[in-house]
Each structure stands twice: as structure tokens, then as C-alpha cells.
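Contents: one structure, followed by commentary.
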Amino acid sequence: MRPLIMLTALLAGALMPVQAGINARLREYLGDPLLASLVSFVVGSVALLLFVLATRVPLPSLAMAAQAPAWTWLGGILGAFFVTVTVILAFKLGATGLMAWIIAGQLVASVLLDHHGALGFAIREASWQRLVGVALLFGGAVLVNEY
């Protein structure tokens, strides 16, 4: 089971620059990064809605949804920010440069989240080995963007 999970994560990561390129190209046709991001989210939301309906995922009651802390509803805003930034920067940084900085940022945030056990993540110490790995990724992002 674990190799399948890792392969699925690898596929999701591999599709990120593809998504960025598609959305950046859509921006050229629509003329605005916010419109391209909006269209991307609408198409994605419709696809998810159809998938939920097709698989008959039971919907929670409004009372259940209301129990969620207010901050748990921010994921969509963060997703909109991410997609819009990739639309704006994809062709400026190139696929490799964009993904290098995104991955470096993801690792910094991930080390902090793990170290503090924030948002429900299991506590995993920010060891010197992890910090060196993040530093190497930052160095890689610099090299990718300079050369």
C-alpha cells in the first residue's frame, strides 16, 4: 500500500507544473490571471461535484459542517492564491524555476508544521538533517533559476 501512496503523491507533484502551464496558457486567452484562476476553480469544482455525485459520497449535515472551526474553511482561499500565483509566474520563471521555489516553500512550511504538530500533523522534530535538506533545496532553487 505504501508504494501506491508514494506513487500517487509523485503523480500529483508531476501534474503541478502541467496544471501551471495549462492555467498560464488559459490566461493568455482570457487576458487576466484572476479570470484564468477562477475558470480553473470552477472547472475543478464541477469535476469534483460530478465525482462526488457519481460515487455517492454522503454529504454532511449543515450542523456537522458548522462544527468545523472557522480556520478550516481557508483551504479554498489558499488554493486560489496558489493557482493565481502559478498563473502569474509560470511563464516568468519557467516550469522548473516555478516548481523549485514552490517545493522549497512547501518544505519550509512542512518542517515547521511537523516540528510543532500544527494543524493536526504528527510531531516530527526539525532535525539538522531535515534542515540541511531544506537548505539544499533552496540552493537547488537558486541554481535552477540562475542557470
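Read-outs throughout are calculated quantities, based only on the coordinates presented, and are distinct from any laboratory measurement. Small disclaimer: the values here were computed from a predicted structure and weren't measured. Virtual Cβ from ideal backbone geometry, glycine too; neighbours counted across all protein chains shown.
On full extension of the chain, what length is gained from MET64 through ALA135, given 0.36 nm per residue of separation minus the C-alpha to C-alpha distance?
Working it through step by step, the gained length comes to 21.4 nm.
Fully extended, how many nm does the chain gain between VAL57 and PHE121 (0.36 nm per residue separation, minus their Cα-Cα distance)?
Difference between extended and current length: 20.5 nm.
Between LEU112 and VAL85, how high is the FRET efficiency from 1/(1 + (r/R0)^6) when r is the Cβ-Cβ distance and R₀ = 22 Å? Nearest 0.05.
Calculated transfer efficiency: 0.65.
With a point put 7 Å past each Cα toward its Cβ, work out how far MET16 is from ALA47 in nm, to one decimal.
It is 1.7 nm.
Can you give me the relative contact order of the chain as a percent, contacts being Cα pairs under 8 Å and 6 or more apart?
Computed over the chain, the figure is 25 percent.
Along Cα→Cβ, 7 Å out, is where each label goes; now give me the distance between the ones at LEU74 and ARG25 in nm to one decimal.
3.5
For the chain, what is the calculated [θ] at 222 nm in deg cm²/dmol (nearest 500), taking -39500 (n - 2.57) for each run of four or more DSSP H residues and dividing by its residue count?
-28500 deg cm²/dmol
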